[in-house]
Amino acid sequence: MISTKMFALLFAAACGVSPVNGFVSSSTSRLGTIQKSHLHATTAESESLSLFSPCKINLFLRIIRKRPDGFHDLASLFQAVGFGDTLTLSLNNHGDADEFTCNMEGVPTDSSNLVLRALQLMREKTGKTNLHFNADLFKRCPAQAGLGGGSANAATAMWGANELMGRPATLEQLIEWSGALGSDITFFLSRGTAYCTGRGEIMTPIDPPLPSGAKLSIVKPNLGLSTPKVFKALDYDQLSTEDPQMLCDVFLREGVVNTDDKYYINDLEQPAFDCLPELKALKDELLQVEGFDHVMMSGSGTSIFCIGEPTDKDAFMKEFDERDGVSVFNAAFINREEGSWFQDPSQPLAIVDEPEEEEEEEVVAQIIEEGMTAEEAEKVRESRLRAAEAMKESSPSESDNNIATKDSGTNFSKGLRSILNGERKFEES
């Protein structure tokens, strides 16, 4: 008969958590794209972190008022998506300055870049002024897209620097400090969904975040708009009057697909469309694509996101992605586990070997396989979790010791192990 401890180990392997005295590490802590897991970073000289820097969309964006300092108070529900950049970060042990490179032409590599500003901020706040970094940013997110690419880069740099420094700062401190760099940076220190107010720097995390996996397409014309230009064209008489807290409640209660179109509100569409009528025409075209549930501009533009999947994906990509001056990025909602960073769902997960701590742990299945993406791993975890739960329900209880034999317990253990290892299929009734 399987012991309670044994089942907890198997159950943890199935669902990717670590509830039993540290015997099984979270699957997140086993995943890293270069040398170390994103959760267990140390200051070893050879360490290099490769961190995904996700983009965001605004499920609604209300402009509340213009402030005396010239900024605007807003209220918005932010959501992280699985499209973004990659920041590779390591300690610069042989120099007295940060070194920064970027693949995208036009991105500044001097001290004005948000990545370098974030690293400098971390030195100032932690007092570790003698530490410097090598940073390489691989950009995919286009500029002037309304996707928060630069803000995400800064938040990612703060997280990575804190790991390489030995975690001198708490998450709460990182959140507090991030507001000094910009409006949207704080959001990316949430778990993936947050209600943001003020300039965007006052964050109320949504915990648990919206479920990962919701599909969307991001359509970005090559035309760009600066945020100041959009706000300058804002007609305050055309602002929505909907209560932003009510909007947030609706999204969280109904979900992104079932929320009525009338609650997908972006007060910055009007000025952006006035500045670029072509953007309005593009949105109107996307509204006609069969399969999309909702279509709206993100942030101050010029990206337009489409919730759902087109019925004829090939035709959609041919019509829009192959069009001159337009790019399409297909993605999905993502979130992160507490204590770990965002994973790029499109990239294979590297496995970091960890020593076994108990003989019983040998029966725990390796649910993450080389080359498996985060999205694929999540599906495997869910499938095997259902199998484990069903096997537990059919197992002899500890109160039936006078009936259950040693062989029956052994057979149950083998059966559960074979399901977790993928050797047997679990048939749902």
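Residues that are crowded, with 22+ Cβ neighbours inside 10 Å, in a loop (DSSP other than H, G, I, E, B) and not aliphatic (A, V, I, L, M) do not occur anywhere in the range 151-164.
Tally time: how many residues in the range 165-186 are open to solvent by less than 10 Å² (accessible area, probe 1.4 Å) and among the β-branched types (Val, Ile, Thr)? The total comes to 2. Pairs linking a residue in the range 155-183 that is modelled with pLDDT under 95 to a residue that is β-branched (Val, Ile, Thr) and surrounded by 20 or more Cβ atoms within 10 Å (Cβ to Cβ), with Cβ atoms under 9 Å and 6 or more positions apart or on different chains, are Gly179/Ile185; Gly179/Thr186. Would you be able to say whether some residue in the range 309-318 is of a type outside the set (Asp, Glu), at pLDDT below 95, surrounded by 20 or more Cβ atoms within 10 Å (Cβ to Cβ) and over 20 Å from Asn266 (Cα atoms)? Taking every residue of the range 309-318 in turn, none turns out to be of a type outside the set (Asp, Glu), at pLDDT below 95, surrounded by 20 or more Cβ atoms within 10 Å (Cβ to Cβ) and over 20 Å from Asn266 (Cα atoms).
Of everything in the range 195-210 that is in a loop (DSSP other than H, G, I, E, B) and not aliphatic (A, V, I, L, M), the residue that is nearest to Gln173 (Cα to Cα) is Glu201.
Among the candidates Ile202, Ile185, the residue that is under 29 Å from Thr88 (Cα atoms), under 16 Å from the mean Cα position of the chain (by Cα) and hydrophobic (A, V, I, L, M, F, W, C) is uniquely Ile185. Scoring Cys306 on the criteria (1) modelled with pLDDT of 95 or more; (2) part of a loop (DSSP other than H, G, I, E, B); (3) within 25 Å of Arg140 (Cβ to Cβ) leaves a single failure, condition (2). For the range 211-231, the set of residues classified as in a helix (DSSP H, G or I), at pLDDT 95 or above and of a type outside the set (A, V, I, L, M) consists of Lys229, Phe231, listed by residue number.
Taking the criterion of being open to solvent by less than 50 Å² (accessible area, probe 1.4 Å) and either outside any helix (DSSP H, G or I) or without any contact (Cβ under 8 Å) to a residue 24 or more places away in the chain (or both), the residues of the range 135-150 that qualify are Ala135, Leu137, Lys139, Cys141, Pro142, Ala145, Gly146, Leu147, Gly148.
Every test in (1) at pLDDT 95 or above; (2) open to solvent by 20 Å² or more (accessible area, probe 1.4 Å); (3) within 29 Å of Ala272 (Cα to Cα) is passed by Lys125 save one, and that test is (3). Can you list residue pairs whose Cβ atoms sit under 7 Å apart, with the first residue in the range 263-291 being assigned to a helix (DSSP H, G or I) and the second being basic (Lys, Arg)? Count only pairs 6 or more apart in sequence or on different chains. Filtered contacts from the range 263-291: Phe273/Lys280; Cys275/Lys229.
Screening Gly200 with (1) open to solvent by less than 10 Å² (accessible area, probe 1.4 Å); (2) under 24 Å from Phe138 (Cα atoms) gives one miss only, at (2).
The values are calculated or read from the model by the stated rules, or taken from the named source; none is laboratory data. Because the structure is a prediction, the values reported are computed rather than measured. No Cβ is skipped: glycine too gets one built from the backbone with ideal geometry, and neighbour counts run over all protein chains shown. The accessibility values were calculated without ligands, DNA or RNA, using every heavy atom of the protein model including side chains. Shrake-Rupley method; radii C 1.70, N 1.55, O 1.52, S 1.80 Å.
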